[in-house]
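One structure is given here, and the rest of the page talks about it.
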Amino acid sequence: MRAIQITEFGGPEVLAVSDVPEPVAGDGQVLIAVDRAGINYADTHQVENSYLSKTELPLIPGGEVVGRTQDGRRVVALVGSGGYAEQAVAHAPYVWDVPEGVTDGQALALVLQGTTAWHLLKTSTHLQPGESVLVHAGAGGVGSLAVQLAKLWGAGRVIATASTEEKRKQVLELGADSAIDGAAIDGTPEGLKDRILEANGGHRVDVVLEMVGGPTFDESFAALARFGRLVTFGAASRQAAAALDPGRLMKGSKTVAGFWLADCFAQPQLLGGPLAELFDLTANGKLHPVVGGEYALSDAATAHQDMRARRTVGKLLLDPTR
């Protein structure tokens with residue numbers, strides 16, 4: 001079958017189509033004919049071996065797929081790796097039926113980014129009605145869903161960062177109350193704290209969903225209100241934040257949490273429960289997953305280049321038939 005298999009770590013240039021043996025489902029596994037594979041920012045880290053968990057070669061990237069089982073069910077599944085291919089194998093507890101009213105692209109947007117947004121707001125930061133929320137990369141896969149969920153769950157004010165005017169317009173259409181540029185004119189986040197406070201009517205924010213890292217983390221932490229909570233779930237800038245002295249947490253009674261969806265994998269109900277709720281919200285028209293570009297399997301490198309350059313919005317899909 002056709003698949004993207006890498007034999008060396010690197011950037012997008014290592015992504016090329018190969019002919020590999022078809023996978024075989026073992027006990028407790030499900031073989032899926034892949035209609036679309038999801039593309040995630042984490043894939044760019046996995047390919048260069050800078051992800052939280054180390055990767056072994058050879059590797060077929062791709063952590064999620066939507067397609068058909070051998071008995072004809074339309075399912076979405078988390079596969080860990082192996083998604084950038086015509087067929088993939090998943091463990092049965094991580095395979096969920098896709099209901100009518102939810103498209104393939106929407107299912108892929110929800111199974112990983114959606115459940116992440118759900119846990120960021122519900123589990124990590126315990127969002128309360130009336131609180132202000134700052135969502136970084138509000139036009140991205142997680143961010144576009146987090147903006148909508150925060151509003152659905154009663155946030156008082158939602159502020160989103162986005163890198164272009166077009167993306168800022170989009171997050172406002174998704175329900176954000178304010179959209180700001182996460183970077184200054186020189187491309188750094190200098191002055192971001194002040195822009196956040198201005199967007200929140202001069203007040204500090206209660207909740208921050210942060211996935212850029214480096215100085216953006218520092219500026220966002222400085223904008224936290226008393227009893228504010230910041231959750232970090234990525235480092236897209238590939239920069240480390242400044243060391244955080246415990247005294248800075250005590251003053252203002254602030255909380256910094258980390259979230260990695262992989263820590264839910266040992267308990268599939270931590271994924272299935274939120275996913276069922278997200279499917280229901282989507283099927284009923286209350287939640288609108290943003291499905292962005294669709295790429296041929298042979299254009300996987302271009303997809304990674306576009307994602308790393310922040311040229312994309314929403315959920316990116318890979319078509320293994322092309």
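The values are calculated or read from the model by the stated rules, or taken from the named source; none is laboratory data. Since this is a predicted model, take the numbers as computed values, not measurements. Note that each Cβ is placed from the backbone with ideal geometry, even for glycine, and that neighbours are counted across all protein chains shown. Please note that ligands, DNA and RNA were not included when accessible areas were found on the heavy atoms of the full protein model with its side chains. Shrake-Rupley method; radii C 1.70, N 1.55, O 1.52, S 1.80 Å.
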query = What residue, among those in the stretch 191-230 that are basic (Lys, Arg) and in a helix (DSSP H, G or I), is farthest from Ser253 (Cα to Cα)?
reply = Arg195
Selection status of Ala90, in a strand (DSSP E or B), out of contact with any Ser or Thr (no Cβ under 9 Å at 6 or more places or on another chain) and over 24 Å from Ala283 (Cα atoms) = yes
key: Counted residues, the stretch 31-65 - those being charged (D, E, K, R), out of contact with any strand residue (DSSP E or B) (no Cβ under 7 Å at 6 or more places or on another chain) and either at pLDDT 95 or above or within 19 Å of Val142 (Cα to Cα) (or both)   = 1
ask   = What number of residues within the stretch 293-309 are free of Cβ contacts under 8 Å to residues at least 40 places away in the same chain and surrounded by 15 or more Cβ atoms within 10 Å (Cβ to Cβ)?
value = 3
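Every residue in the stretch 199-251 that is among the charged types (D, E, K, R) and in contact (Cβ under 8 Å) with a residue 12 or more places away in the chain, please. Spell out the reasoning first.
So the first thing to find is which residues in the stretch 199-251 are among the charged types (D, E, K, R), and the list is 204, 206, 210, 218-219, 226, 229, 238, 245, 248, 251.
Scanning the stretch 199-251 gives Arg204, Asp206, Glu210, Asp218, Glu219, Arg226, Arg229, Arg238, Arg248.
Pull up the stretch 6-29, narrow it to residues that are part of a strand (DSSP E or B) and either among the acidic types (Asp, Glu) or buried (at least 20 other Cβ atoms within 10 Å of the Cβ) (or both), then point me to the one that is modelled with the lowest pLDDT. First the steps, then the outcome.
We begin by selecting, within the stretch 6-29, every residue part of a strand (DSSP E or B); these are 6, 17-19, 29.
Now narrow it down to the ones that are either among the acidic types (Asp, Glu) or buried (at least 20 other Cβ atoms within 10 Å of the Cβ) (or both): 6, 19.
Numbers: Ile6: 93, Asp19: 96.
Per the stated criteria, the residue is Ile6.
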ask   = Only one residue in Leu59, Leu145 is surrounded by fewer than 24 Cβ atoms within 10 Å (Cβ to Cβ) and either within 18 Å of Phe233 (Cβ to Cβ) or aliphatic (A, V, I, L, M) (or both), so which one is that?
value = Leu59
request  = Would you confirm whether any residue within the stretch 66-81 is within 19 Å of Thr7 (Cα to Cα), open to solvent by less than 40 Å² (accessible area, probe 1.4 Å) and either in a helix (DSSP H, G or I) or in contact with a strand residue (DSSP E or B) (Cβ under 8 Å, 6 or more places away or on another chain) (or both)?
outcome  = no
Of all residues making up the stretch 223-254, the number that are within 29 Å of Thr44 (Cα to Cα) and more than 21 Å from the chain's Cα centre (by Cα) = 3
key: Hits in the stretch 122-137 - residues which are modelled with pLDDT of 95 or more, buried (at least 24 other Cβ atoms within 10 Å of the Cβ) and not in a strand (DSSP E or B)   = His136
